[in-house]
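Read-outs throughout are calculated quantities, based only on the coordinates presented, and are distinct from any laboratory measurement. Because the structure is a prediction, the values reported are computed rather than measured. Cβ: placed from backbone, ideal geometry, glycine included. Neighbour counts: every protein chain shown.
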Amino acid sequence: MIAWTGPAALAGALFLLGLLGLLARRGLVFVLMSIEIMLNATGLLFITAGMRWGNPDGQIMLIFVLNLAGAEIALGLILILRLRDRLPTLDGDAATLLRDG
Amino acid sequence: MMAQWLWLVPAAPLLGAVLLGLFGPAFGTRVCAMIGTGSVGIAAIVAVLLALGGRGVSQALWPWVVLPGFSVNIGLYLDPVSLLMTLVITVIGCLIHLFSTEYMAGEAGYSRFFAYLNLFVAAMLLLVLADDLLVLFVGWEGVGVCSYLLVGFWFLESENGWAAQKSFVVTRIADIFMLAGLLLLSTDLGTLSIRPMLAAATAAWPQGGALPTTAAALLLIGGLGKSAQVPLQTWLPDAMAGPTPVSALIHAATMVTAGVYLVVRLHPLFLLCPGLMAAIACGAAATLLVAALAGLFQTDIKRVLAYSTMSQIGYMFLALGVGAWPAAMFHFLSHAVFKALLFLSAGAISMRLHHEQDIFRMGGLRTKIPVAFWCFLVGAASLAALPVITCGFFSKEMILGFVWSAPGMGPALWAAAIFGALLTAIYIFRAVFVVFFGPATTAVSGAYGVRIVLPIAVLSAAALCIGWLETPHFLGGRAFFSAFLAPSTGVVARHRINGLIPLAGFCVPLLGTGIAWVLYRRGFWHALAARPEGRLRALLRGGSEFDAVYDALLTRPFFWAVRVLRDDPVDQAFGGLEWLAIALHRRLRGSQSGQLRRYAGWLTAGSVATILLLVFG
Amino acid sequence: MNAVFLVAGGVTLVATAVAITRANAVHALLYFVVSLLGMAVIFFDLGAPFAAAAEVIVYAGAIVVLFLFVVMMLSLDRAAAIRESSWMVKSVWAVPALLVVLLGGALARVLTAGAGGGVTPLVITPQAVGAKMFTADLAAVELASMLLLAGLVGAFHLGRKP
């Protein structure tokens, strides 16, 4: 038997790490990967909640999170591929067409 | 019976004014002249007939204000005082109209001139015939407006406009005080109808109390403004910018005496405030000295006459200040005659000299224009109060007698008055000698028609004869004039004064004339005019610089405020809001960098802040 | 807190931390796979075997593989790796670290404030999951399939060369 606070803390820590990667990394691939880390951490939290309350809802949510991650990563990667033509370096900070003034 | 025609007196000139105003340019010059002079003539005839008929007639016309507790009716009241004023206004007015039909011939705006002049006569008649102070005030304002219109008659030159504006603004300021006085009277006594109001005032208010003094003082200020007395006298010399008949009628004979009329009409109210009467006398003495001193140094003949008007009305106010109502009215009558005569003669002279008005450019006109010379001489003699032959002597003698026997400051005031008489004789005869004697400097052209000569001849005859209406005791002691006025002014006893005082009154004018002659022979006047102006002379010539004081106290602060507010500071404060918004926009624009990472960072920061607030707050 | 959980949790944490600091994209993704495997172990330990299997099969097996395929297509060479590490200066981590610490503080506060819960050791079988998912949550399943369809169509359309 495990107290649910442990896994919850771990999920929080993983989420924070993902957030850190999102804010700090400049390359677009790494930004996408950080988003994946965050989604994964959320999934862990769902499972923990499912264990806590003792019903399958947590796992069902995980399935849906996986679903979402898949769809999103497909589109995101396609966009990166198409972006390669404009931004050969895939530098997030160089994409400033929407700059004001 | 005649009473029912009383309304015709102000109505005839008013009708003339309306006709000339609406259709003037369509009529020819002759028709305009006939309507203009005729309407005043009708009023004169009616006034004379009323004089021969009964006295103390009144005619109620219409109710005007009907409120619970206060009502004003438009009505006309003819008693000896107003009859006297009506006769003067209409008869002298008619003569002046006749004169100006020829004087203004060939001027643009001929019909406009007569329209304004008729309107003025109508307003002035309303003023003197009014039965209610509010109706009097309507006439009061009316004459002010007409004075503005007529002084600025030649409006294409801007100085005339400024002079007209000055006269209007100064009298308007005085009128505000008068309005305050009317409000005080109406709220405290409940009525502005003259006779009931005076009865209520004498019954309800104590002698020397604060209320009567305040009310009388406020009304007096209005009168001082209209009559060009110190401290509101600055407009009169500049008002000489108008045509000469205007100066003759408005600024010599009639409008400027409105203040005197007001005090005489309301004399029971003024008798309640002995302190104020003393103040009136002192102010009048100051005015007559300031004006007489100024008259010594003028070079424009009309300005000499303007300052002499100021000075003579000072004499009338001096008489009012000591309670000698008949004396003031007698001097009013003789002043109206000889001042109109002087102005018309001056106009006649300048007509022949291409409208030259500087006395040092005239000369030797005694032989060139004898008619004008003799008429001007009669007028000047009356002004200087040369003994026995002129009306001015009798009226001034009457005033001096009353002033000497006044309790308290009598002798001091008499000394000021007699000194003023000396100065008067000097300055007017200075003008006479410089203009009519010596070598001719400007060429004379043209000739006079009967319409110029008749009025000044009639006025000269009047100036020589009218004096005998009221004589001092050593010349017969006739009191016809005082008896005529007694029903409205009360009986004011005239003391017998012996010895030096009447003798002084006899000799001083002769002395003044002699001094002027001697100085003329020595060429003093010409030398004085040729010399550059010293400080003292500039001060006295400018009427003791009241203008400068008003400029510093009132005009400059006003224009300073105008300058400060010119850019609309309030609007600029609102403009500051706009500036602030734009400045903020420029600063905040920098945050739209287009960089994903930065946007993500701001998003995170905002979310973290909210979460912290929720968790720890 | 049993040993399995502690070990797996530690592995996951370390692997993730390393993953976000790599300059080479493939290395980062491989560390990510390690973290996913550790995650699967934790799921199993928490009594969710189906979730563990799905994590390995779908996430590590499909999603990350897709990621790797595309990264290979990008052919990020040595120069890219050098560029990437040049962007990872110390100063760049400062503000993100601050924000993360603040958020971590809030999370810690929330976790410690709640009451601990007793939990029965329970293993939730795939049968139970399936039974619930396809009866009570059927609408959500359908929506998820529509989401996949949207992803498919979008990827197909965006991927076409003009």
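Things to note:
- Calculated log₁₀ intensity ratio I(q)/I(0) where the Debye formula runs over C-alpha points of the range B:279-332, q = 0.18, 0.27 Å⁻¹: -0.55, -0.91
- Integer Hz, Karplus 6.51/-1.76/1.60 couplings in order for the range B:540-552, x for Gly and Pro: 5, 5, x, x, 6, 6, 5, 4, 5, 4, 5, 4, 6
- The angle separating the long axis of helix B:8-23 from the principal Cα axis of greatest extent in chain B is about 60 degrees.
- log10 of Debye I(q)/I(0), alpha-carbon scatterers only, for the range A:27-89 at 0.13, 0.22 Å⁻¹: -0.45, -0.84
- For the range B:7-88, radius of gyration divided by Kirkwood radius, i.e. Rg to Rh on alpha-carbons: 1.10
- Cα-based convex hull volume of the protein assembly as shown per residue, rounded to whole Å³: 343
- Taking 7 Å steps out from each Cα toward its Cβ at A:Leu87 and B:Ser607 produces label points 1.9 nm apart.
- Computed lengthening from B:Cys465 to B:Arg195, 0.36 nm per intervening residue step minus Cα-Cα distance: 93.8 nm
- Rounded to the nearest whole Hz, the Karplus-based 3J(HN,Hα) values (6.51 cos²θ - 1.76 cosθ + 1.60, θ = phi - 60°) of the range B:262-269 follow the sequence 4, 5, 5, 5, 9, 4, x, 5, with x at glycine and proline.
- Dipole magnitude of chain B about its Cα centre (Cβ charges: Lys, Arg +1; Asp, Glu -1), debye to nearest 20: 1040
- Point-to-point label distance, B:Val169-B:Phe480, nm (Cα→Cβ direction, 7 Å offset): 4.8
- Two-site FRET efficiency, C:Val14 against C:Ile82, from Cβ-Cβ distance with R₀ of 22 Å, rounded to 0.05: 0.30
- Whole-number D in µm² s⁻¹ for chain B, Kirkwood Cα-pair radius fed into Stokes-Einstein, 10 °C, 1.306 mPa s: 60
- Estimated vicinal HN-Hα couplings, Hz - the range B:142-155 in sequence order (Karplus 6.51, -1.76, 1.60; Gly, Pro = x): x, 5, x, 5, 5, 4, 4, 4, 7, 4, x, 4, 8, 6
- Where labels lie 7 Å past Cα in the beta-carbon direction, separation of B:Ala561 and B:Thr187 in nm: 2.3
- Alpha-carbon Rg with Dmax, taken over chain C, Å: 20.1, 59
- At q = 0.09 Å⁻¹, base-10 log of I(q)/I(0) for the range B:277-531 (Debye sum, equal scatterers on each alpha carbon): -0.38
- Applying 1/(1 + (r/R0)^6) with r as the Cβ-Cβ distance of B:Phe23 and B:Phe360 and R0 = 41 angstrom yields a FRET efficiency of 0.40.
- Tilt relative to chain B, helix B:93-103 - C-alpha long axis, 0 to 90 degrees, to 10: 80
- Diagonalising the gyration tensor over the Cα atoms of the range B:499-596 and scaling each eigenvalue by 5 before taking the square root yields semi-axes of 75, 17, 6 Å, largest first.
- The ranking of B:Asp188, A:Asp100 by Cβ neighbour count inside 10 Å, starting from the fewest, reads A:Asp100, B:Asp188.
- Residue exposure sequence - B:Thr367, B:Thr442, B:Thr90, B:Thr424 - by fewest surrounding Cβ within 10 Å: B:Thr367, B:Thr442, B:Thr90, B:Thr424
- Rounded, prolate or oblate (a/c below 1.5 giving rounded, otherwise prolate when a/b exceeds b/c) for the range B:300-365 by Cα gyration tensor: prolate
- Amide H contacts of B:Asp132 (H built 1.01 Å from N, under 5 Å, at least 5 apart or other chain): B:Gly75, B:Ile194
- Ordering B:Lys226, B:Lys302 from the fewest to the most neighbouring beta carbons within 10 Å gives B:Lys302, B:Lys226.
- Which listed pairs, of B:Lys226/B:Lys396; C:Lys90/C:Lys161; B:Lys226/B:Lys368, have C-alpha distances above 30 Å, in listed order: C:Lys90/C:Lys161; B:Lys226/B:Lys368
- Between B:Trp7 and B:Asp300, the contour length at 0.36 nm per residue exceeds the alpha carbon distance by 101.4 nm.
- When the convex hull of its Cα atoms is viewed from all sides, the range B:1-272 shows a mean projected area of 14.3 nm².
- Scanning residues 5 or more positions from B:Ser58 or on other chains, those with amide H under 5 Å from its amide H are B:Leu78, with H placed 1.01 Å from N in the peptide plane.
- Normalised by residue count, the range B:572-616 yields a Cα convex hull volume of 80 Å³ per residue.
- Amide H within-cut-off set for B:Trp64, under 5 Å, with H built and near neighbours excluded: B:Val72, B:Asn73, B:Ile74
- The range B:391-487: proportion of alpha-carbon pairs further apart than 19 angstrom, %: 65
- Between helix B:596-616 and chain B there is an angle of about 90 degrees, using the helix long axis and the longest principal axis of the Cα atoms.
- Using every pair of separate Cα atoms, the Kirkwood estimate puts the hydrodynamic radius of the range B:456-549 at 18.1 angstrom.
- The gain in end-to-end length when the B:Asp547 to B:Leu528 segment is fully stretched comes to 4.4 nm, 0.36 nm per residue minus the alpha carbon separation.
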